[in-house]
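Just so it is clear, none of the values below were taken in a lab; they were calculated from the coordinates. None of these values were measured; they are calculated from a predicted model. Ideal geometry is used to build each Cβ from the backbone, glycine not excepted, and the neighbour counts take in all protein chains shown.
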Amino acid sequence: MHEALDSFYQLTPELVLKAVERLGLMCSGYQLALNSYENRVYQVGLEDNTSVVAKFYRPRRWSDKAILEEHQFTFELEALDIPVVAPLQLDGDSLHHFDGFRIALYPLRAGRAPDLENKTQLEQLGRFMGRIHALGAAKPFQYRVNLNVQTFGDTAYDYLLDHDFIPQALQAAYQPLVEDLLNHIEDVFAQVSAQSIRLQGDAHAGNILWKQGKQGDVGSPYILDFDDACMGPAIQDLWMFISGGRDEMESSLDTLLSAYTQFHDFDTAELRLIEPLRTLRMLHHTAWLAKRWDDPVFKHAFPWFNTAHYWQEHVLALKEQFSLLQEEPLQWI
């Protein structure tokens, strides 16, 4: 495993081009590293003046079956004219192996960040997420993670403690706080009993590109990066599109869900899961950074992580989440 990770950390521009050309494409020599940390992702220029996006998967994170299941989901969505960015199929294959690496190639898509305060854009996102979930509810994933308290909360908590990331001076505050949070969240999940469906899994503005429309046309989104596709409650693919004060969030929620429910039913009981899911995301994200802390890219990109100040702020943020968990959930007005 360490040898595979060492090669991944030392992936060179020459090897990237060699891998793409081995798949039958002729490279121009242009290459640009894109903003990705979990995997290594590059825009690679081709001799016909087009580009592809080459994704080199982090070793040992997903099995081949889990990756192919993600790909298949995007192919099914693409067939329904839902604007996901699915991998290219070369000679019938979407997942390729080269020199110990697993690689997928994607078409290059251009766009800008969505404006989540734009009601028309938010409505479009709601409709497309409703369509994604209508298909996602048709059958389960077999090889991908089920988002729940154990997979996103307990495992994160255990990893941070077992690997001595929590400073000794904060452990007395951290341990009972997180245990109380996880117990409370588990109770909420049990009370809501939401249906678990196939999800994009990491639906936030950074995974949406907005394609400019013609004059007077709001355009449409490209929905990117199903790398975190999982089983879970529908609200997981919706809550990160709303922000602000309570009134603002409920207004955005109304816009989003009014569009969403044109294509798929929504159980309003899942609104109780928004703050629990936000808390699980915070815990999971912190453990994700810790698990990748031997990767030089992470040390460069997140220099503030694993400092005394970081852990103090993390504990404070979790205390604030505990207070938010006691408040009434958002309402669909």
Protection proxy (average C-beta count within 10 Å per residue), highest first, orders 146-152, 114-120 as 146-152, 114-120
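Under a Cβ-only charge scheme (Lys and Arg +1, Asp and Glu -1), can you give me the dipole magnitude of the chain about the Cα centre, in debye to the nearest 20? It would help to have the intermediate numbers written out before the result.
Working: 27 positive and 47 negative charges, 139 e Å.
The calculation lands at about 660 debye.
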A student applying the Cα gyration tensor rule (rounded when a/c is under 1.5; otherwise prolate if a/b is larger than b/c, oblate if not) would label the stretch 26-107 oblate
Quick calc, ARG22 & GLN175: beta-carbon distance into FRET formula, R0 51 Å, rounding 0.05, result 0.55
Zone reached by a paramagnetic label modelled 7 Å from LYS65 Cα along Cα→Cβ, restricted to the stretch 118-146 with backbone N below 12 Å, covers 142-144
Expected unfolding gain across GLU78-THR307 under the 0.36 nm per residue rule, minus the alpha-carbon gap, is 78.1 nm
By Cβ neighbour count within 10 Å, fewest first, SER193, SER51 rank SER193, SER51
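What shape does the stretch 280-333 take by its C-alpha gyration tensor, where a ≥ b ≥ c are the square roots of the eigenvalues and a/c under 1.5 counts as rounded, a/b above b/c as prolate, and the rest as oblate? Display every interim value, and only then the final one.
Working: a/c = 3.53, a/b = 2.15, b/c = 1.64.
Prolate.
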Ranking LEU324, ASN183, ILE166 by how far each Cα lies towards the positive end of the charge dipole of the chain (+1 on Lys and Arg Cβ, -1 on Asp and Glu Cβ), the top one is ILE166
Among the DSSP H helices of the chain, those whose Cα atoms extend at least 24 Å along the helix axis and whose mean Kyte-Doolittle hydropathy is 0.0 or higher are 168-192
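Sum -39500 (n - 2.57) across every DSSP H segment of at least 4 residues in the chain, then divide by the residue count to get the 222 nm mean residue ellipticity, nearest 500. Kindly include the intermediate steps, with their values, before the conclusion.
On the way: 10 runs with 142 residues, N = 333.
Taking each H run of at least 4 residues, the total per residue is -14000 deg cm²/dmol.
What does the C-alpha gyration tensor say about the overall shape of the chain? Classify as rounded when a/c is under 1.5, otherwise prolate if a/b is larger than b/c, or oblate.
Here the chain falls in the oblate category.
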Taking ASP225, ASP254 and counting other beta carbon atoms within 10 angstrom, the fewest-first order is ASP254, ASP225
Two pseudo-spin positions, 7 Å from Cα along C-beta at SER323 and at VAL218, lie apart in nanometres by 3.5
Listed by chain and number, the lysines with an alpha carbon less than 24 angstrom from that of LYS55, same-chain partners under 8 positions apart left out, are LYS18, LYS65, LYS211, LYS291, LYS299
The stretch 57-82 and the stretch 105-166 have their Cα centres apart by a whole-number Å value of 13
To the nearest 20 debye, the stretch 26-107 has a Cα-centred charge dipole, built from +1 on Lys and Arg Cβ and -1 on Asp and Glu Cβ, of 500
Residues of the stretch 38-82 with backbone N under 11 Å of the label point set 7 Å from the Cα of GLN142 along Cα→Cβ are 65-66, 69
Which of LEU125, LEU199, LEU108 fluctuates most in a GNM of the chain (C-alpha springs under 10 Å)? That residue is LEU108
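Run the numbers for THR50 and LEU15: contour at 0.36 nm per residue of separation, minus the present Cα-Cα distance, in nm. Mind dumping the intermediate values first?
Working: separation 35, 0.36 × 35 = 12.60 nm, distance 1.98 nm.
Net length gain for the segment: 10.6 nm.
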Computed from the beta carbon distance with a Förster radius of 45 Å, FRET efficiency for GLN168 and GLN195 to the nearest 0.05 stands at 0.60
Most packed first (mean Cβ within 10 Å per residue), the peptides 226-236, 302-312 order as 226-236, 302-312
